[in-house]
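The values are calculated or read from the model by the stated rules, or taken from the named source; none is laboratory data. Every value quoted in this text rests on a predicted model; they were computed, and no experiment measured them. Because the Cβ atoms are built from the backbone with ideal geometry, glycine has one as well, and the counts that use them run over all protein chains shown. Areas reflect the complete protein model, heavy atoms only, side chains present, ligands, DNA and RNA absent. Shrake-Rupley method; radii C 1.70, N 1.55, O 1.52, S 1.80 Å.
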Amino acid sequence: MGAAVIVAVAGAAWRYGSARTSRWAAVAARLPPTRVADLAEGKQVKVVGVIEERDTMPAPLTQRPCVGWTVRAVAANGGWVIDRISRSAARDFWLRDDDGARVLVRGERAALVVAGGHAVSAARERGIVQREALLVPGDRVAVIGMVRRELDPGGVTMYREAPMRFVLDGIPLWLLPAS
């Protein structure tokens, strides 16, 4: 009887945690992916691609190099597992889509970073486990944000026009694991 109760509680906790994680995936799944070549200024889009090598930052708990991180607070509460994002951050990075085109993502302005890979339980504070997950170069992600133009310091243009490039920025800017 005791083993059946443990299995039932563990199953319910797993379903609860999976449901919370799948909510972000459901929001991202509703938006059709946009190729970098098809970006248009002022539109909210989802671009799926691979994070390219760029300057990294240290993750807050383990100091591992990354371009983005999420710290989740995980605790047991009356047979349920409470798993919520307690803090997250990212740095600017290049995203390369499946066609090979790239766009700059202004990760420092991200409202939501949901990293799922390279996760470790790195600390325990007052009975709550702090679980750190990373976004690193080579990871496949979905970025949801607004398309805008900015000056391109390395760009070349004709005559008097300033060189411009598209970036993903705005509110909301979400960095999510790609499905």
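Per-residue accessible area for residue 164 at 1.4 Å probe radius, Å² rounded to 10?
90
Counting other C-beta atoms within 10 Å, and keeping those with at most 12, which DSSP coil GluC sites (Glu not before Pro) do you find in the range 79-179?
Sites meeting the loop and neighbour criteria: 161.
Whenever you get a sec, line up 129, 156, 50 from highest to lowest accessible area (probe 1.4 Å, protein heavy atoms).
Reading off the accessible areas and sorting them downward yields 156, 50, 129.
Put +1 on the Cβ of each Lys and Arg and -1 on the Cβ of each Asp and Glu in the range 55-121; which of 117, 81, 105 then has its Cα farthest toward the positive end of the dipole?
My answer, from the dipole projection, is 81.
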